[in-house]
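Quick notes on the structure that follows.
The values are calculated or read from the model by the stated rules, or taken from the named source; none is laboratory data. Since the structure is predicted, the reported quantities are computational estimates derived from the model, not experimental observations. Reconstructed Cβ throughout: ideal geometry from the backbone, glycine too, with neighbour counts over all protein chains shown. With ligands, DNA and RNA removed, areas are computed over all heavy atoms of the protein, side chains included. Shrake-Rupley method; radii C 1.70, N 1.55, O 1.52, S 1.80 Å.
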Amino acid sequence: MMAADCLASYGSLARFRNEKRLMAVGETTLLGVSGDMSDFQHMQHTLENLLTQEYDMDDGQKLGTKSVYKCISNIMYNRRTKGDPLWNSYVIGGVDSGQKMLGFVDLYGTTYQSTSIATGYGGHLAQPILRRRVEGREDEVTEEEAVQILDECMRVLFYRDARSLNKIRRAKVTAQGVEISEPYTLETNWGFAESIAGYGS
């Protein structure tokens, strides 16, 4: 499962509040992104062209998660080498030949795979929550619990990150396909802030 907020800022202006940072690639691959939205749109067009080429080949082969992961890492590394990087970090998840996969690619083309991944500010604030709640018990976590964990991570990020929004989308990928939710708003409670010295003054 993945989650992302719906905000795209223009500098410090929270300008666009209904952006889609989660994307299905093929039948069993889910792509999540942080960073520059125009660079993400460029990647979207590239992947859509690749899917069209695969479809036109009509050879019975389908683009798997590992192939998408390799393709994105090559594109990102190539652009970095040219000195014109795409300013994004990607999380690629899916089911490939019956095996679960979750990988990360950043603007340098750096890649790694793990059982839990967060990008941007989430790497500092959400990743510890994911490690505590998920790692070591990946096969035991139910969908309901996963939803609670993701909501907790996104809520913490909303409280701590001035460039975030509590309107989020959530997605899941299984061998049956990709499901991306409609945007929904997290409930928040700012009562704790009253005890913070200097708050509101």
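Over segment 63-201, with the other protein chains present, what is the accessible area per residue in square angstrom, probe 1.4 angstrom?
Here the per-residue accessible area is 58 Å².
I want the local charge near Ala8. Using Cβ-Cβ distances under 15 Å, sum +1 for each Lys or Arg and -1 for each Asp or Glu among the other residues.
Spelling it out: positives minus negatives among the neighbours equals +2.
Measure off, as a whole percent, the carbon and sulfur share of the 1.4 Å-probe accessible area of segment 73-200, all protein chains present.
Summing carbon and sulfur atoms, their accessible area is 47 percent of the total for segment 73-200.
Evaluate the relative contact order of segment 110-187 (contact order divided by residue number), counting alpha-carbon pairs under 8 angstrom at least 6 apart; express in whole percent.
That works out to 22 percent.
Helix-derived [θ] at 222 nm for the chain: sum -39500 (n - 2.57) over DSSP H runs of at least 4, divide by residue count, nearest 500?
-11500 deg cm²/dmol
Just subtract the alpha-carbon distance of Val147 and Arg160 from 0.36 nm times their residue separation and send over the number in nm, one decimal.
2.7 nm
Rank Val178, Val25, Val141 by mean-square fluctuation in a GNM of the chain with C-alpha springs under 10 angstrom and give only the top-ranked residue.
Its mean-square fluctuation being the largest, the pick is Val141.
Once the whole set of protein chains is in place, how much accessible area is left on Arg79, using a 1.4 Å probe, in Å² to the nearest 10?
Ignoring ligands and nucleic acids, Arg79 comes out at about 50 Å².
Looking at the chain as a GNM with Cα springs under 10 Å, which of Asp56, Asp106, Asp151 has the largest mean-square fluctuation?
In the Gaussian network model the winner is Asp56.
As I understand it, the dipole of the chain uses +1 on the Cβ of Lys and Arg and -1 on the Cβ of Asp and Glu, about the Cα centre. Which of Gly35, Cys6, Leu47 lies farthest toward its positive end?
The residue sitting most towards the positive pole is Gly35.
Report, in debye and to the nearest 20, how large the dipole of segment 43-132 comes out about its Cα centre when Lys and Arg carry +1 and Asp and Glu carry -1 on their Cβ.
Using only the charged Cβ atoms, the result is roughly 560 debye.
What is the dipole size for the chain, taken about its Cα centre, with +1 at each Lys and Arg Cβ and -1 at each Asp and Glu Cβ, in debye to the nearest 20?
660 debye
With springs only between Cα atoms under 10 Å apart, run a GNM on the chain and tell me which of Thr119, Thr174, Thr188 wobbles the most.
The residue with the greatest mean-square fluctuation here is Thr188.
Rank Thr115, Gly103, Gly198 by how far each Cα sits towards the positive end of the charge dipole of the chain (+1 on Lys, Arg Cβ; -1 on Asp, Glu Cβ) and give me just the farthest.
Farthest towards the positive pole: Gly198.
Using alpha-carbon positions, what is the distance between the centroids of segment 48-89 and segment 143-201, in Å?
30 Å
Would you mind calculating the gained length between Lys62 and Tyr10 on full extension (0.36 nm times residue separation, minus the Cα-Cα distance), in nm to one decimal?
15.0 nm
Counting only the heavy atoms of the protein chains, how much of Glu135 is accessible to a 1.4 Å probe, in Å² to the nearest 10?
Probe radius 1.4 Å; accessible area of Glu135 about 70 Å².
Once Lys and Arg get +1 and Asp and Glu get -1 on their Cβ, which of Phe16, Ser67, Met57 lies farthest toward the positive end of the dipole of the chain?
So the residue furthest toward the plus end is Phe16.
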